Amino acid sequence: MECLRCLPRLLPRAAPPRRAPWTAAARLSLAACGGRATPRLSRSPKAPSAPRAAGDVLRFRTSDASQATLASVAQVFAVTKFDKEGNVTSFERKKTELYHELALQARDLRFQHVMSITTRNNRIIMRMEYLKAVITPECLLILDYRNLNLEQWLFRELPSQLAGEGQLVTYPLPFEFRAIEALLQYWINTLRGKLSILQPLILETLDALVDPKHSSVDRSKLHVLLQNGKSLSELETDIKIFKESILELLDEEEVLEELCLTKWSDPHVFEKSSTGIDHAEEMELLLENYYRLAEDLSNEARELRVLIDDSQSIIFINLDSHRNVMMRLNLQLTMGTFSLSLFGLMGVAFGMNLESSLEEDHRVFWLVTGIMFMGSGLIWRRLLSFLGRQLEAPMPPMMASLPKKTLLADRRLDGKNSLRPEGLGASRPVLASR
């Protein structure tokens, strides 16, 4: 026990931690606090500020460099601007600058859907395959129109339509109505143009394939029909997507209200809409009109598809008929071969190297040969008659004739039903004569 008590005395003591020298600010604060110092004032607080400031500067420089790099690789849009009077202006804008000017988000200018009509911040974003447009209450912006063969429509037809000189139903309405109608009309005309090109080609090919004068099917015509069928399927898909996009807008009343841009930006127009002119209903009627036009195009494309299917059925029936004829001919030849082989056994018997007294008579050869051919012909004829009976189409079942009493009762019932109260007196002599 004494050894354990003396052990702490023998062990070396740890050196006390060194304190940092007192700074002038620490001494002044110590004097102000009455001589009681705190550990927070034992060191200078400005020591770690230098590396922190250097890190902030480095971070700012890195972010500026990344922003400059993103701005240099941003997509550049070729923009064509149309105002209410039909004036056209063309310029180029980077994607970042454009969506900042239009108060949109970056994802609004991706145009990732094949067909879409959306609204954001009093703007309408439309995409119809290769046609990209942004509609504002004051102007219409067409993006990336180059190499799309849109110059004639953009610079000749569209300005006059937006200015009110074209045949647009929505001319008295605000600018966004005219812009939407012009774009929808262009797309419907494009779909109708594709259908008008395909329709005569398909009908001409079907007439050549189904013509009864040609016994065989032309493979080149079948290849042309296959290509036209694929084009028709693509057209049906485009029409279906167009119809679904418009139907989604018609099902949502809030979106119809948002499509009326001037209603919310111009207080005068808002007062008119509240007093009796409902722009949402006008927008709904406009979309329903183009939905009906798309439905008509869909019906025409469906009729062409039915014609192609019917023609294919006729072609398959003709091919089956030719195949049946070939199979029947093959079966007849097989029966003839069987008949000859059956009576050919007599020749085999006489052809063996066996001697008999019949070889000396010359008439026996012709007699045996005649029996062979006659027997083969008779058996072949019997087999053909049996085949004809098996291949005959069955007669349709006879319909049972109705008895005369039933017919007379039906006639009497019809005569009773034809009687009316106002014509009862006039009908009595007729019934008596009957």
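The values are calculated or read from the model by the stated rules, or taken from the named source; none is laboratory data. Quick caveat, the model's predicted, so the values are computed rather than measured. All Cβ positions, even for glycine, are placed from backbone atoms using ideal geometry, and neighbour counts span all protein chains on display. For accessibility, only protein heavy atoms count, side chains too; no ligands or nucleic acids. Shrake-Rupley method; radii C 1.70, N 1.55, O 1.52, S 1.80 Å.
From the P(r) of the stretch 122-170, can you give the percent of Cα pairs sitting at distances over 16 Å? Percent of Cα pairs beyond 16 Å in the stretch 122-170: 47.
Lys263 sits with roughly 20 Å² accessible to a 1.4 Å probe, with DNA, RNA and ligands left out of the calculation.
Legend: residues Asp108, Asp207, Asp278, sorted from most to least accessible area (1.4 Å probe; ligands, DNA and RNA excluded), read Asp207, Asp278, Asp108.
Pairs exceeding a 30 Å alpha-carbon distance, out of Lys194/Lys221; Lys221/Lys243; Lys81/Lys263; Lys95/Lys263; Lys132/Lys240; Lys81/Lys230: Lys221/Lys243; Lys81/Lys230.
In the complete set of protein chains, residue-level accessible area for Thr369 is approximately 40 Å², probe 1.4 angstrom. Counting only heavy atoms of the protein chains and using a 1.4 Å probe, Phe91 has close to 60 Å² of accessible surface. Count the net charge of all other residues whose Cβ sits under 14 Å from the Cβ of Leu304, scoring Lys and Arg as +1 and Asp and Glu as -1. Once positives and negatives cancel, what remains is -4. Here's the picture: charge each Lys and Arg Cβ at +1 and each Asp and Glu Cβ at -1 in the stretch 102-260, and of Ala103, Leu183, Tyr130 the one pushed furthest to the positive end of that dipole is Tyr130.
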